[in-house]
Amino acid sequence: MNCPFCAKEIDPKDFYCPECGKKVREKPIATTFWPVFLLFVLCVLLPPFNIGMTIKYIRSPDLKAKKIGWVSLIVMVVVLISVGISTYYLTKYVSDQVNMQVTQELKKYQNLGY
């Protein structure tokens, strides 16, 4: 196999030309247990910050990597939606509690004649 940039002979397994240093092919994306496990853990713990790695998997020509990427994206969306919903209800609960306490205090002052 020859390098498409400098025409020097290269090993077909090379990702970079040893002569000119240019990339001659993409490295395959890892689909073994630990890299995929890390991808899913990051999707759950840091959903928006992991979108780059998820897109990298989705754009991969490998069908297994594409599936992993789509599952990762779905997990990320579910986590973001659930965090949004729980944040909404927590905020509503805290707001209602504060409102109730302020109202009780105002009623006390009204009863005292202030």
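Based on alpha carbons, the Rg and Dmax found for the range 74-114 are 17.7, 58 Å. Ordered by the count of other Cβ atoms within 10 Å of each Cβ, fewest first, Trp70, Trp34 give Trp34, Trp70.
Taking the number of other C-beta atoms within 10 Å as the exposure measure, put Thr32, Thr103 in order starting with the fewest. Walk me through the intermediate numbers first.
Details: Thr32 7, Thr103 10.
Lowest count first: Thr32, Thr103.
If you wrap a convex hull around the Cα atoms of the chain, how much volume per residue is inside, in Å³? Could you put the intermediate results ahead of the total?
On the way: hull volume 16.5 nm³, N = 114.
Hull volume over Cα atoms, normalised by residue count, gives 145 Å³.
Across 5 Å bins from 0, what is the distribution of all Cα-Cα pair distances for the range 12-72, in whole percents? Answer for the range 12-72: a P(r) of 4, 18, 24, 18, 13, 12, 8, 3, 0 percent. Across the chain, the mean sequence separation of Cα contacts (distance under 8 Å, 6 or more residues apart), normalised by length, yields a relative contact order of 15 percent.
State whether the range 1-44 is rounded, prolate or oblate according to the following rule on the C-alpha gyration tensor (a ≥ b ≥ c being the square roots of its eigenvalues): a/c under 1.5 gives rounded; otherwise a/b larger than b/c gives prolate, and the remaining case gives oblate. Prolate shape, in that a/c is at least 1.5 and a/b is the bigger ratio. Rounded to the nearest whole Hz, the Karplus-based 3J(HN,Hα) values (6.51 cos²θ - 1.76 cosθ + 1.60, θ = phi - 60°) of the range 84-96 follow the sequence x, 5, 5, 5, 4, 5, 5, 5, 5, 4, 5, 4, 5, with x at glycine and proline.
Listing Val24, Val102 from fewest to most neighbouring C-beta atoms within 10 Å gives Val102, Val24.
We did not get these values from a lab; they are worked out from the coordinates using the rules stated. A quick note: this is a predicted structure, and the numbers were derived from the prediction, not measured. Note that each Cβ is placed from the backbone with ideal geometry, even for glycine, and that neighbours are counted across all protein chains shown.
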